Amino acid sequence: MPDVPAENDARANERTLVLAAQRGSSDAFAALVRLHERRAYAVARGITATHEDAEDAVQEGFLHAYRALARFRPEQAFGAWLYRIVANAALDIGRRRKVRDTDALPDTVALPFRDPAESDELRRRLGEGLAELTERQRAVLVLHDVEGFTHGEIGQMLGMPEGTARSDLHHARAALRRALSDLWSER
Amino acid sequence: MSPESRIGPDGRDDDLTRVLRAVYAAPADPTYWESLETKIMARIRGESDGWWLPLSGWGPIGLIAAGLALVFAGYTATHTREAEASLAYQMVMETPRTLPQQLAAAEEGAPAREATLRFVISP
């Protein structure tokens, strides 16, 4: 169960920073960047194909947020607002990159398997499985399973109903299991 | 091989999650995040403080252009005034092309009559 007073303190602190940033304090905005950059990266990484694209999306997202800061209402959750902007920036980058040549997973990623041959094969199959998913399904899968966002939060970020996020997640998992099924049956 | 290393139709979603986390993990190095923050803030500071900087280099060029425009405007005004004065003078001094036909004919006929008269009265 989350620590409610600590959460309230964090919210109040964030609100103070937002108000200061709206008055023009770049130090306050830098503090907001520090608070949210990791999660913003996770959002972007779930949507984009590469680490580099995710980093670009984070930078673009913060820049857009800074430009739009005057229109942000401090009583809102800054994180939710920011992540939606970052998600849009990531989707834009994805649209610009027509060729998704990195759906094959990079060799440098260490998968949690003891047998290197199994790890290589699984990496290849997982890459193929992820490539079969739509961009939205992959984003929902990563945001939910990897980053722990709720269906509602994902719906808000990607601009779709919570039920759609839930159904996308179900289909993404099923597709990935299907893609890896013969790997399972071989063993 | 441990059972949790398997992912498949009968595997647990936890396994899938574990693999996905390994693939999509954010960089763990704190210096990466410091560097990303620096990059973001550099772009933001560049935008908020220096939006006019690209224009500042145009200052001297703008002054020269304004001076040239002033000279050109002065020349044009003087030239126009001279042209107007010249036109007004010509309009006063020259016979307009729209002179009535009768008057024009009278002017054309006058030298001939004078020559005849001179011939008649000459000794």
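The values are calculated or read from the model by the stated rules, or taken from the named source; none is laboratory data. Quick caveat: nothing in here was measured; it's all calculated off a predicted structure. Cβ placement follows ideal geometry from the backbone for every residue including glycine, while neighbour counts extend to all protein chains displayed.
B:Asp14 passes all but one of (1) surrounded by fewer than 12 Cβ atoms within 10 Å (Cβ to Cβ); (2) within 13 Å of chain A (Cβ to nearest Cβ); (3) at pLDDT 75 or above; (4) in a helix (DSSP H, G or I); which number fails?
Of (1) surrounded by fewer than 12 Cβ atoms within 10 Å (Cβ to Cβ); (2) within 13 Å of chain A (Cβ to nearest Cβ); (3) at pLDDT 75 or above; (4) in a helix (DSSP H, G or I), only one is false for B:Asp14: (3).
Is it the case that region A:27-41 has a residue that's within 18 Å of A:Glu147 (Cα to Cα), of a type in the set (Asp, Glu) and without any contact (Cβ under 8 Å) to a residue 60 or more places away in the chain?
There is at least one residue in region A:27-41 that is within 18 Å of A:Glu147 (Cα to Cα), of a type in the set (Asp, Glu) and without any contact (Cβ under 8 Å) to a residue 60 or more places away in the chain.
Quick check on this structure: which one of A:Phe78, A:Phe62 is modelled with pLDDT of 95 or more and of a type in the set (A, V, I, L, M, F, W, C)?
A:Phe62
Step by step: first the residues of region A:129-145, then only those that are among the β-branched types (Val, Ile, Thr) and over 16 Å from A:Asp92 (Cα atoms), then the one that is nearest to the chain's Cα centre (by Cα). Which residue is that?
Ranking the qualifying residues of region A:129-145, first place goes to A:Val142.
Filtering region B:39-77 down to residues that are at pLDDT 70 or above and aromatic (Phe, Trp, Tyr), which residue is farthest from A:Ala21 (Cα to Cα)?
Ranking the qualifying residues of region B:39-77, first place goes to B:Tyr75.
Go through region A:23-68 and give me each residue that's in a loop (DSSP other than H, G, I, E, B), under 25 Å from A:Ala172 (Cβ atoms) and of a type in the set (Gly, Ala, Ser).
A:Ala49 - this is the single residue of region A:23-68 that is in a loop (DSSP other than H, G, I, E, B), under 25 Å from A:Ala172 (Cβ atoms) and of a type in the set (Gly, Ala, Ser).
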